[in-house]
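Everything on this sheet refers to the single structure shown next.
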Amino acid sequence: MKIIKVRPCDRFKGAWSAFEAPGVEPAFAEPDAKRKAIDYASQRFGGSSGEVHVYDATGEMIERKIVIDGRGQYQKVN
C-alpha cells in the first residue's frame, strides 16, 4: 500500500512537505502550507488506493489518516 507522509519540513521554517519517496518531497510554504501539502498528497494517488498520514506540528505523531480507496477520500479517526 502506498503511504504519503505530510509533516513539517526540516529545510524551510513554516513549510510542510508531502514525502512520497526519496527525491519526491515537495515543500509548501505559508499561507495554508499544511492544507496544500494534504491536497497534493491526496491527488497523487490518481485512482489507486493508499493512505495519507498527517503528522502534528512536531512531526512525531500521526494526527490523522486519510484513506484513499480509488473512489474518494475517507478520514480515519485515530
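Descriptive notes on the structure:
Conditions tested, residue by residue: (1) crowded, with 18+ Cβ neighbours inside 10 Å; (2) among the basic types (K, R); (3) more than 13 Å from the chain's Cα centre (by Cα).
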position	(1), (2), (3)
I4	yes, no, no
C9	yes, no, no
K13	no, yes, yes
S17	yes, no, no
A21	no, no, no
F28	yes, no, no
D39	no, no, no
R64	no, yes, no
V67	no, no, no
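- Residue list for region 49-62, filter: of a type outside the set (S, T, Y), within 16 Å of A33 (Cα to Cα) and part of a strand (DSSP E or B): V52, H53, V54
- Filtered residues of region 41-62 (kept if of a type in the set (A, V, I, L, M, F, W, C) and open to solvent by 80 Å² or more (accessible area, probe 1.4 Å)): A57, M61
The values are calculated or read from the model by the stated rules, or taken from the named source; none is laboratory data. What you see is a predicted model, and the numbers here were worked out from it, not measured in a lab. Here the Cβ is made from the backbone with ideal geometry for all residues, glycine too, and neighbour counts use every protein chain on show. When the accessible area is computed, the model is the full protein with side chains, heavy atoms only, and any ligands, DNA or RNA have been set aside. Shrake-Rupley method; radii C 1.70, N 1.55, O 1.52, S 1.80 Å.
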